[in-house]
Each structure stands twice: as C-alpha cells, then as structure tokens.
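**Q** Pasting a structure below so you can have a look.
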Amino acid sequence: MEFSDVLGRGGRREPGEYGEWDDVVRAVAEHRADRFDRLLTWRLRDLLLAYRWRVREDALAHWRHDVLVWATGRFDGPMPDPPRSLQPAEPVDVDGLGELLATQRAFTEGRSIRGDA
C-alpha cells in the first residue's frame, strides 16, 4: 500500500495538507517542501519506518546534548538516562532495517525508492 492510498486523494499537496500525517511528512522530508511529493510514492511501511528512524535520531541528538551539559558539571546527580525510544525493545526487532537504510539513503540522494527511475 502506498502512502497516497492512505490519504485517499491524489495530486500535488502543499505543506499542511496532509492532515494528521503532516508531522510525519515534515519529519521524514526534513521540512523540505520539495521532498513532500516524493513521499506520496512510498509504501506506507517505508514511510513509518523512516519516521521511526527520524524520531530516534532526534531523541539521540537531544540526549547527547543533555549528557554534554551534565558532563560540564552544571548539574548534580547521575548522568541522564537515554530516552525510552533509544533503549532496545524486547525482543530487538531488526526486520526491515537494511531496507530502511537503503530507502533513507535513496531518498536523501534524490533517487526513486521503487527502482524505476
């Protein structure tokens, strides 16, 4: 199933026209409007895996910042714990990881993820 099937209508969309999916689209497209239309050709699973990856990357960046601030000695107490989204799930699910990385790499390079262009 493609993401455009979930939206239920075709054609070019402007930022903010994705309804409840707007945050997902913006995060995966890294807030670059020129990438929004390409996401419509993605399979829904790929879009959600890419969103999950983006959320984890953002959480990691924030946690690293918190650890650096803590390491300066400005805060007493133990080092901040990593966010729950960075802790391994039980059991660790790596299904689709290679596909996700290939999809993300193709997207950032501007190539088709379907292999047809």
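The values are calculated or read from the model by the stated rules, or taken from the named source; none is laboratory data. Please read all numbers here as calculations on a predicted model, not as lab measurements. Because the Cβ atoms are built from the backbone with ideal geometry, glycine has one as well, and the counts that use them run over all protein chains shown.
**Q** For the stretch 31-79: of the residues being over 13 Å from the mean Cα position of the chain (by Cα) and of a type in the set (Gly, Ala, Ser), which is surrounded by the most Cβ atoms within 10 Å (Cβ to Cβ)?
**A** Only one residue fits best here, namely Ala33.
**Q** Determine if the stretch 11-21 includes at least one residue that is at pLDDT below 90 and under 25 Å from Gln87 (Cα atoms).
**A** no
**Q** Restricting the search to the stretch 65-84, which residues are within 21 Å of Val55 (Cβ to Cβ) and part of a loop (DSSP other than H, G, I, E, B)?
**A** Passing the criteria: Pro80, Asp81, Pro82, Pro83.
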